[in-house]
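J.: Got a structure here, written out as structure tokens. Questions coming.
The values are calculated or read from the model by the stated rules, or taken from the named source; none is laboratory data. Source: prediction; values computed, not measured. Glycine gets a Cβ as well: all are built from the backbone with ideal geometry, and neighbour counts include every protein chain shown. Each accessible area value is taken on the protein alone, full model and side chains, heavy atoms only, with ligands, DNA and RNA left out. Shrake-Rupley method; radii C 1.70, N 1.55, O 1.52, S 1.80 Å.
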Amino acid sequence: VPDLEVHQRMLHIEGTARGPVQSALDIIRASPLKDGHAARLLELEFDGDIELALDMDAALYDNGPHDVRGQVRFDGNRIGARSQGITLDAVAGAINFTQNDWFGDALQAEFEGAPIELAVAGGLDDPVYDSEFRLRGRADPALLLHVLERYAPPAHGWLRAHDRLGAFAGNTPWSATLSIPRSRDEASPAQRLRVE
């Protein structure tokens, strides 16, 4: 091995901290994570305290390797995505991250006052879309119409134009997938929302 005798210093950080979300975001901004897909977490608005677990190796020399792994655990937090116009309350569960991606499934939350299941992923292997949010829940007619009016105005407008806003009864399972494009400039493709 050519570099067997080269003793280049590495830093290993492992630990868990609990505190304000802003402190955890400051750690991400000051780490190699800021240059990867995990930086998408910085676009979200958080409220409350979180638990951050970090397991990181970083070279203390120029152009050295780094490897970051961690987990953010939520316990009743509010999370807002301003550019998507979505706010989730009472978020509970964990999102795991590396310098290349982030993911979490089986999270619990409230959306427009109703309980939902939430799964998130970033750093997807897709040339156009790199982040995805999947929501699942049950809707009564009031919630269904409210969600359609806010997030799918053409569908709500069609129902209103055909006098069908009062045609719903009971409740139904629903799911929605929001895909966020990789690029953030004006020429990038639109966000993609699929509701079932």
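J.: Could you please put VAL91, VAL195 in sequence from largest to smallest accessible area, using a 1.4 Å probe?
T.: Working: VAL91 0, VAL195 80 Å².
My answer, sorted largest first, is VAL195, VAL91.
J.: Using the Cα centre of region 59-196 as the reference point, and only Cβ charges (+1 on K/R, -1 on D/E), how large is the resulting charge dipole? Debye, rounded to the nearest 20. Walk me through the numbers on the way to the answer.
T.: Working: 14 positive and 19 negative charges, 79 e Å.
Value, rounded to 20: 380 debye.
J.: Then there is this: Percent relative contact order of the chain, based on C-alpha pairs within less than 8 angstrom and at least six residues apart? Intermediate results must be reported in sequence, preceding the final value.
T.: On the way: 389 pairs, mean separation 26.7, N = 196.
Value for the chain: 14 percent.
J.: Rounded to the nearest 500, what is the 222 nm mean residue ellipticity of the chain from helices alone, with -39500 (n - 2.57) per DSSP H run of 4+ residues and division by all residues?
T.: On the way: 3 runs with 29 residues, N = 196.
Taken over the chain, the calculation gives -4500 deg cm²/dmol.
J.: Let me ask something else about it. Can you pull a Stokes-Einstein diffusion coefficient for region 138-178 at 25 °C (0.890 mPa s), Rh from Kirkwood over Cα pairs, as a whole number of µm²/s? Write out the running numbers ahead of the final one.
T.: Details: Rh = 10.6 Å.
Roughly 232 µm²/s, to the nearest whole number.
J.: Once the Cβ-Cβ distance between ALA17 and ASP163 is put in as r, and R0 is 41 Å, what FRET efficiency do you end up with, to the nearest 0.05? Mind showing how you got there, number by number?
T.: On the way: r = 56 Å, r/R0 = 1.37.
About 0.15, to the nearest 0.05.
J.: Amide H neighbours of ARG182 under 5 Å, counting only residues 5+ apart in sequence or on other chains, H built in-plane at 1.01 Å?
T.: Here TYR129, ASP130 satisfy the definition.
J.: What distance in nm separates the two pseudo spin-label positions at ALA58 and ASP26, each 7 Å out from Cα along the beta-carbon direction?
T.: According to this spin-label approximation, the distance is 1.5 nm.
J.: While we're here: Among ALA81, ALA161, SER179, pick out the residue whose Cα is farthest towards the positive end of the charge dipole of the chain, where Lys and Arg carry +1 and Asp and Glu carry -1 on C-beta, about the Cα centre.
T.: Of the candidates, ALA161 comes out farthest on the positive side.
J.: Here's a follow-up. Quick one: 3J(HN,Hα) in Hz for region 57-74, Karplus 6.51/-1.76/1.60 with θ = phi - 60°, rounded, Gly and Pro as x.
T.: Along region 57-74, the couplings run 10, 9, 6, 9, 9, 4, 6, x, x, 9, 9, 10, 9, x, 8, 10, 10, 9 Hz.
J.: What number do you get for region 51-114 when its Cα radius of gyration is normalised by 2.2 N^0.38 Å, N = residues? Can you show the working numbers first?
T.: Working: Rg = 15.4 Å, N = 64, 2.2 N^0.38 = 10.7 Å.
Cα-based Rg divided by the globular estimate yields 1.44.
J.: Now for a different question. Which semi-axis lengths, in whole Å and largest first, follow from the square roots of five times the eigenvalues of the Cα gyration tensor of region 97-196? Walk me through the intermediate numbers first.
T.: Working: eigenvalues 171, 68, 13 Å².
That gives 29, 18, 8 Å for the three semi-axes.
J.: Now for a separate question. Computed FRET efficiency, Cβ-Cβ of ALA106 and THR172, R0 22 Å: what is it to the nearest 0.05? Provide the component values of the computation, followed by the final result.
T.: Details: r = 22 Å, r/R0 = 0.99.
Computed FRET efficiency for ALA106 and THR172: 0.50.
J.: For the chain, give the percent of accessible area contributed by carbon and sulfur heavy atoms, probe 1.4 Å, rounded to a whole number. Could the numbers behind the result be given before it?
T.: On the way: 6030 of 11790 Å².
With neighbouring chains kept in place, the figure for the chain is 51 percent.
J.: Per residue, what accessible area does region 81-172 have, given a 1.4 Å probe and all protein chains present, in Å²?
T.: Details: 5060 Å² over 92 residues.
So region 81-172 comes to 55 Å² accessible per residue, rounded to a whole number.
J.: Please compute the length gained on full extension between SER83 and ASP49, using 0.36 nm multiplied by the number of residues separating them and subtracting their Cα-Cα distance.
T.: Net length gain for the segment: 10.0 nm.
J.: For the chain, modelled as a GNM with alpha-carbon contacts under 10 angstrom, which of TYR129, TYR61, TYR151 fluctuates the most?
T.: TYR61
J.: What are the principal axis extents of the Cα atoms in the chain, in Å, biggest first?
T.: 79, 37, 25
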